[in-house]
1. Of the accessible area of region 296-486, with the probe set at 1.4 angstrom, what percent is carbon plus sulfur?
2. State whether region 296-486 is rounded, prolate or oblate according to the following rule on the C-alpha gyration tensor (a ≥ b ≥ c being the square roots of its eigenvalues): a/c under 1.5 gives rounded; otherwise a/b larger than b/c gives prolate, and the remaining case gives oblate.
3. Using a 1.4 angstrom probe with every protein chain in place, what is the largest-first accessible-area order of K136, K367?
4. What is the percent carbon and sulfur in the accessible area of region 18-163, measuring with a 1.4 Å probe over the protein chains and ignoring ligands?
5. How much area per residue is accessible in region 296-486 when the probe is 1.4 Å and only protein heavy atoms are counted (Å²)?
6. Please report the accessible area of Y484 (heavy atoms, 1.4 Å probe, ligands and nucleic acids excluded) in Å², nearest 10.
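The values are calculated or read from the model by the stated rules, or taken from the named source; none is laboratory data. Computed from a predicted structure; not experimentally measured. Accessible surface is based on the protein model in full, side chains and every heavy atom, while ligands, DNA and RNA are left aside. Shrake-Rupley method; radii C 1.70, N 1.55, O 1.52, S 1.80 Å.
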Amino acid sequence: MWWDERVSARFRRNLQPTLTYWSVFFSFGLCIAFLGPTLLDLRCQTQSSLSQITWVFFSQQFCLLLGSCLGGVFKRTLAQSLLALFASSLAISLVFAIIPLCHNVVVLAVVMAVAGLAMGCIDTISNMQLVKIYQKDSAIFLQALHFFVGFGALLSPLIADPFLSDTNCILANGTANASSNLPHIRKSLVPHHPGNLSHYDLPMKGMVVTRVSYAFWIMALINLPVPIAVFFLLYKERMVPCFNGSSHPLLSADELALETRPGDKDELSSAGQRPHTAAGHEDLFSCCQSKNFRGVSFTYFAVHITGALVLFMTDGIVGEYSGFVYSYAVEEPLAVVHKVAGYLPSLFWGFITLGRLISIPVSYRMKPATMVFINVVGVLITFLLLLIFSSSVVFLFVGTASLGLFLSSTFPSMLAYTEDILQYQGCATTVLVTGAGIGEMVLQLLVGSIIHDRGSYSFLVCGMIFGCLAFTFYALLVFFHRMYPRPSPELDEASPDKAAAPEPAGQYQR
């Protein structure tokens, strides 16, 4: 294998939980990308106006952010984390099954809000648990985790596509005129954010003819093995009340004996009582308690804030670029044909997925700090070239692919880098997930209003500004990293990086 034996042994020891967390993130990706291409059929199903149906986007994104904030509440024990993941992944399957039964837009928005809460919990808990298991070796496993998001995000539109209506799915007077606009409107509805649809007048009353229900039921079936996998992990960990007597722990007897050696316990206990150690991996509300701030330096806060601001910008770029690149391409001076421009969001997400796949082996050979530096510099250079060659259709496609590659590994690399700085004792995972979610929601709204007032060219200008800010915040993070107090020699000797030392924090503990 292309990683060393120590990492390989740790992966084999934690194979089942690692694969389970990866599969749960597939559910996250499956749920995040289906809404855009199916929105018009859902609008027909609910017989609502376009302005009403687009509020479904907001309900999902807002509750995703809320779920990310609340997800840390369920990580206090492994049992709570797994039960929350089981409930969240099962909720996503139920949401897919229930969506075809939602014939009112308010009900649909409530159902999508539930999906958003489930996705937010999955986002926070899965990242936290992988960081807990692998700690300094977590970068490669986080890259793989986020690959599964991209894989799911690519798969759900492909499942939905054969069942989408080719003409307007509400038959009424004026359908012919509305149907001619439908391909253009559908291409405007890309993952995460709808385009400006207010000037399209489609009928709201009439006979509904749509087959999109089959797509949702197929996705519900595809996602069903995920909660089953989480339940099986609960069973193996003796956390299912009815089956406690017959299950076996994931670790062998030798590994359990290694974990429970008295010397290791004493060492861990003394390490946990050292000063200047903040509580680790708390939920957002627990992180804000004053007791966690006693004895910490200002750099502790600076690392959290600058790391979150980098992801605020980069994840915001992902949301605004995927949401508005089509609108930018069809406007002057590019004036790309609508059908051709419709491939741009798919190209962007395809290269994000490809980049996450490439980053899995790369992250083992390259430090997370270096990967983040390459990412933010690459984003900055790509936007600069897009501005210089703004009249070139070919370079728009090249730049879109390049941007997807550079943005693909930013989140997992930044998470691994920041947790490493804080010695896995801060609130980095919760703060970074929350910052990324806020950035994705806020920058979409901001860029949309700016494009409406200033024209399509401001789309690239905004991206350039966000890229510059991301690089600036990263430079500040590196500066605060150099100022952050290093771990004591005693604690460093117990680090999981030491091959001869036991790996207490890297074991899969309850």
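1. With neighbouring chains kept in place, the figure for region 296-486 is 71 percent.
2. Prolate, because a/c is 1.5 or more and a/b exceeds b/c.
3. Heavy-atom accessible area, descending, gives K367, K136.
4. Carbon-and-sulfur percentage of accessible area, whole number: 77.
5. Per residue, region 296-486 has an accessible area of 38 Å².
6. Surface open to solvent at Y484 totals about 30 Å².
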